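One structure below.
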Amino acid sequence: MKRRSFLTSAALALGIAGLGAGAVTAGEKVKAGFVYVGPVGDFGWTYQHDQGRQAVEAELGEQVETTFVESVPEGADAERVMTQMALGGANIIFTTSFGYMDATIKVAKKFPNVKFEHATGYKRADNVSTYSARFYEGRAVIGTIAGRMTKTNKIGYIASFPIPEVIRGINAAYIHAKKVNPDVEFKIVWVYTWFDPAKEADAATALIEQGVDVIMQHTDSPAAMTIAEAKGIMAFGQASDMSKFGPNAQLTSIIDNWAPYYVERVKAVIDGTWESQDTWHGFKEGMVQLSPYSDKVPADVQAEAEAMKQAIIDGTYHPFTGPINKQDGTSWLAEGEVADDGVLASMNFYVEGIEGEIPQ
Amino acid sequence: MDLSAIDPVLLLASLMISATPILLAAIGEMVVEKAGVLNLGVEGMMITGAICGFAIAVESGSPFPGLAAAALAGAGLSLIFAFLTQVLLSNQVATGLALTLFGLGLSALIGKPYAGVKPPPSPRLDIPFLSDMPVLGPILFRHDLMVYGSLALVVGVWAFLKYSRAGLILRAVGENHDAAHALGYRVVRIRFLAIMFGGACAGLGGAFLSLIRVPQWTEGMTAGAGWIALALVVFASWRPWRVLLGAYLFGGITVLQLNLQAAGLAIPVEYLSMSPYIVTILVLVYISARKRGSSLDAPASLGRVFHATH
């Protein structure tokens, strides 16, 4: 065989493999692939996703085989990794960072029989579902606690990228901190990374040096928690229980619990009932949880936080309930009005009272 | 905006902490390059040093054995590079890149049991009278001992290269290995030693990160610091004092931009975030423009394979 014709037939074979990839045949193991933005040992965002993956293995046992690739940059590399997974016979692929959105859609087009699940994005297709958690519900509760606990009235916020999810978190936390403590002020630092422990630690140090005594973060590693512990201030964990890193510093932690969702979706592939959908779960479904409160949080503040959490679960309270103005003073939500999911999903403005501008 | 919220004294103190890991790695790499070898594996040696230092510090309960282990681990890893490039004459660029990948994987493997463990605190300098001085106390006399160690290292390297006979031989090897060989110097042996020194420094830089600056172990925690150290050596045109200047400039602007953000400075964040890199590039352009015609003082044999044929 000449080299050129060999290449053509190899490409053809690859193409056929591509078309055939993903179809589940009875009796075969379902393969689930996971693409992670950080290392599984980050003890934050990626760690929690991997806990979900392990739950899938534990729950579905022999029926399933999982693989993952960690520390995949949000760019061309992501596309390559997803393509490789699909060619490797994955039936369902979870892509677990906002920045994988376009790559997921692109690769999904090439492999119509493979199911894709993209976390925190908004682009869907027949074989692409999206899922996310209502982290802002958790942020509302920790905002309340922060407003009650701060002595300096300065709360530090380590933000990653200016995307709706992060902005929503800042707004939710600010509104509720301000509600219980009108003097509260937010200092926001954008670090433009999900995972860079040294930079996250530097940001925490900078905030503390400027008088902040409570730190919230929207980055993936427990570096800020470690610094808060070392400097003797308070902090909230992110994505995972970080009390190991800040036994005295951590007041509570927002926990992302992906396990039930992952088990359900992989099971749907096994049963052949998988359909493209959009999932946005919160406290009620258990996708967002809080780790146990620290003893430092007084009983009445704990009760207040629990009451808010319960009200959100019952549906009697929504963290974005009017009256709320935008940062420029224009009205966003009228008295008693509740924000709809569409606006929340694309939130690109600060609420009134937050200083500074959102990087564009 | 409230610039008064930024305390310059604290800022200077954090600047030194932030700059020390890249300073250590860069000063080591500078010696390696002065000997005519380009080792792109700095990142891999740093992260390996970070976990080995962390692990030994945790096991022994004291940071000093940890730092020693980090230096040994970095030097040990660099020996692989030295053997491949100096004995088997492999390509230095490719081997260095492979060393980085290897180091990242190896450190993740070693580090599995150490995630979430707290390292023992490292001692700070505390001189009864000096440390309590206003302004100068916090800036000069209250750091972790390693910060002073890194400064001493810069002085040591500078004096070694400039005044000692061994330093002169090392530079000769880096400038023209054939001539050095003809004079009877052991080019390969000298380069082995330089590469190990560079590895030890990178390992120490990594351990500073995992034991003092962050202090915790997470996979991939160097997050590109090794590459910055490499760029810094070029930036400094292979001079120790400029390495120090460059590291403090880079660390300083990194810390400053975070502080400016926290103070609510009305400059778009994107510019603040890119400022450390921009300033580094600008200074580099300035230095190279000033010395028209010369090749930035790069050692003439840098990256070239040496094979003794006679």
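Between A:Ala311 and A:Ala299, the simple spin-label model (points 7 angstrom out along Cα→Cβ) gives 2.2 nm.
Amide H contacts under 5 Å for A:Ile255: A:Gln289, A:Leu290, A:Ser291, restricted to partners 5 or more places along the chain or on a different chain, H placed in the peptide plane at 1.01 Å from N. Entry comment: accessible area of the range A:37-121 is 37 Å² per residue, from protein heavy atoms only and a probe of 1.4 Å. On the range B:6-108, 81 percent of the accessible area sits on carbon and sulfur atoms, based on a 1.4 Å probe. The tail of the calculated P(r) for the protein assembly as shown, taken as Cα-Cα distances beyond 40 Å, holds 37 percent of the pairs. Here's how it looks for A:Thr67: its modeled amide H is under 5 Å from those of A:Ala32, A:Gly33, A:Phe34, which are all 5 or more places away or on a different chain. Computing Rg and the Kirkwood Rh from the Cα coordinates of chain B gives a ratio, Rg/Rh, of 0.99.
With a ≥ b ≥ c taken as the square roots of the eigenvalues of the C-alpha gyration tensor of chain A, please select rounded if a/c is under 1.5 and otherwise prolate if a/b is larger than b/c or oblate if it is not?
Working: a/c = 2.02, a/b = 1.93, b/c = 1.05.
Prolate, because a/c is 1.5 or more and a/b exceeds b/c.
Once the Cα atoms are used to define both axes, helix A:299-314 deviates from the longest principal axis of chain A by about 40 degrees.
Only lysines eight or more places from A:Lys187 in sequence, or on another chain, were considered; those with a Cα closer than 16 Å are A:Lys151, A:Lys154, A:Lys178.
Using Cα pairs closer than 8 Å and at least 6 residues apart in sequence, work out the relative contact order for chain A, in percent. Here the relative contact order equals 17 percent. How far is helix B:92-111 tilted off the main Cα axis of chain B, in degrees rounded to 10, range 0 to 90? It works out to around 50 degrees.
Listed here are the pairs A:Lys29/A:Lys123; A:Lys284/B:Lys118; A:Lys284/A:Lys326; A:Lys31/A:Lys123; A:Lys231/B:Lys118; which of them are more than 26 Å apart at the Cα? List each step's numbers first, then the result.
Working: A:Lys29/A:Lys123 29 Å; A:Lys284/B:Lys118 35 Å; A:Lys284/A:Lys326 28 Å; A:Lys31/A:Lys123 23 Å; A:Lys231/B:Lys118 15 Å.
From A:Lys29/A:Lys123; A:Lys284/B:Lys118; A:Lys284/A:Lys326; A:Lys31/A:Lys123; A:Lys231/B:Lys118, over 26 Å: A:Lys29/A:Lys123; A:Lys284/B:Lys118; A:Lys284/A:Lys326.
Buried accessible surface for the B/A chain pair comes to about 2600 Å², total over both chains, computed with a 1.4 Å probe. The helix-based estimate of mean residue ellipticity at 222 nm for the protein assembly as shown, built from -39,500 (n - 2.57) per DSSP H run of four or more residues and divided by its residue count, is -17000 deg cm²/dmol to the nearest 500. Straight-line reach from A:Lys244: which aspartates and glutamates fall under 14 Å, measuring Cα to Cα and dropping same-chain residues less than 8 apart? In chain and number order, the partners are A:Asp42, A:Glu229.
With R₀ set to 45 Å, the beta-carbon distance separating A:Ala268 from A:Phe349 gives a calculated FRET efficiency near 0.80. Between A:Thr83, A:Thr205, A:Thr273, the Gaussian network model of chain A with springs among Cα atoms under 10 angstrom shows the greatest mean-square fluctuation at A:Thr273.
May I ask what percent, to the nearest 5, of DSSP beta bridges between residues of chain A are antiparallel? All intermediate terms of the calculation are to be shown ahead of the outcome.
Values: 8 of 44 bridges.
That works out to approximately 20 percent antiparallel.
Summed over all non-identical Cα pairs, the Kirkwood treatment of the range B:127-263 gives a radius of 17.6 Å. If you take all other residues with their beta carbon under 10 Å from the beta carbon of A:Gly322, and give Lys and Arg +1 and Asp and Glu -1, the sum is -2.
Note on B:Lys162: lysines with a C-alpha under 22 Å away, same-chain residues under 8 apart excluded, are B:Lys34, B:Lys291.
The values are calculated or read from the model by the stated rules, or taken from the named source; none is laboratory data. These figures come from a predicted structure and were not determined experimentally. With ideal geometry, Cβ positions are generated from the backbone for all residues, glycine too; neighbour counts draw on all protein chains shown. Accessible surface areas use protein heavy atoms only, side chains included; no ligands, DNA or RNA. Shrake-Rupley method; radii C 1.70, N 1.55, O 1.52, S 1.80 Å.
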